[in-house]
Every structure is written in structure tokens, then in C-alpha cells.
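Engineer: Sharing a structure here in C-alpha cells format.
Just so you know, all these numbers are worked out from the coordinates, no wet-lab data involved. Since the structure is predicted, the reported quantities are computational estimates derived from the model, not experimental observations. Neighbour counts run over all protein chains shown; Cβ positions are idealised from the backbone, glycine included.
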């Protein structure tokens, strides 16, 4: 059975929006490339969610080529959950806390 890919609202409404807002005044071209890359990553995940290996904390991580951003997702019982895009140099404990909050609240 193929599982659906569910993207939390926080990913597009908060994470991606903040990343684009940061880059837009500095390099509008880079902001556009980040959005395009996000679209490509989501398309790839829709077709093959197992492209990244599961890490010890249970999340799978895909790196953006445009900037130092990481997309976090995981397999749940009935769907794949895309829960966050975070800067790679963020505190790993902070990232895990955010992912847990988002997974539990599914928002």
C-alpha cells in the first residue's frame, strides 16, 4: 500500500516563508531557487519517500543544495509526515524538540 505524503502547515507557512523572507532582500534569485528546490524535493518524496535513510532519532533528512537547510520527514503508520525545514547549524536538540511538538500537534 502506498502511503500519502502529508506536509504540515508549519513547513510552508512558517519554515519556507521565513527562509524566503530572509533571502529575498539579499538575493531574490536565491529565494526563487530555494522555492524551486523545495518543490523538487517534495516531488521526489511523493514518488519515493525512502530516498533518505532513517536516522537514529527516527527522522529522515534531505539537504537542500541551495543553502544549508535540511528537510525532516518520517514514516508514520498510515502516511509520511514532512514536519520541518531547519538551518543545518541549528542546535540538534532544538530541532528535535520542534519536530516532536509538530508531530504531536500535527500542525
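Engineer: Estimate the FRET efficiency between residue 105 and residue 29 by the formula 1/(1 + (r/R0)^6), using the beta-carbon distance for r and 41 Å for R0, to the nearest 0.05.
Structural biologist: Approximately 0.70, to the nearest 0.05.
Engineer: Nearest 10 degrees, 0 to 90: what angle lies between the long axis of helix 92-105 and the longest principal axis of the chain (Cα atoms)?
Structural biologist: Taking the Cα atoms of the chain, the angle to 92-105 is about 60 degrees.
Engineer: Can you run the Rg to Rh ratio on the chain? Use alpha carbon positions and the Kirkwood inverse-distance Rh.
Structural biologist: On the way: Rg = 13.5 Å, Rh = 14.1 Å.
Across the chain, the Cα-based Rg/Rh ratio is 0.95.
Engineer: Counting DSSP beta bridges in the stretch 4-105, what percent are antiparallel, to the nearest 5?
Structural biologist: Within the stretch 4-105, antiparallel bridges account for around 75 percent of the total.
Engineer: Could you give the distance between the Cα centres of the stretch 1-49 and the stretch 75-89, to the whole Å?
Structural biologist: Rounded to whole Å, the Cα centres lie 12 Å apart.
Engineer: Can I ask one more? Apply 1/(1 + (r/R0)^6) to the Cβ-Cβ distance of residue 51 and residue 96, taking R0 = 22 Å, and write down the FRET efficiency to the nearest 0.05.
Structural biologist: About 0.55, to the nearest 0.05.
Engineer: Here's a follow-up. Mean-square fluctuation check for the chain, GNM, Cα pairs under 10 Å: which of 56, 84, 67 is largest?
Structural biologist: 56
Engineer: Taking the Cα atoms only, what angle lies between the long axis of helix 28-47 and the longest principal axis of the chain, rounded to 10 degrees?
Structural biologist: The answer is roughly 20 degrees.
Engineer: In nm, to one decimal, how far is the residue 65 label point from the residue 87 one, both placed 7 Å along Cα→Cβ?
Structural biologist: 2.3
Engineer: Which whole-number percent is the relative contact order of the chain (Cα, under 8 Å, 6+ apart)?
Structural biologist: The value is 31 percent.
Engineer: Say each of residue 39 and residue 18 gets a label point 7 Å from the Cα, pointing the same way as Cα to Cβ; how far apart are those two points in nm?
Structural biologist: That separation, rounded to one decimal, is 2.4 nm.
Engineer: Next question, about the same structure. Along each principal axis of its Cα atoms, how long is the stretch 60-107 end to end? Whole angstroms, biggest number first, please.
Structural biologist: The Cα atoms of the stretch 60-107 stretch 31, 20, 15 Å along their principal axes.
Engineer: Looking only at 76, 16, 62, which one moves most when the chain is put into a Gaussian network model with springs between Cα atoms under 10 Å?
Structural biologist: Comparing 76, 16, 62 in the GNM, the peak value goes to 76.
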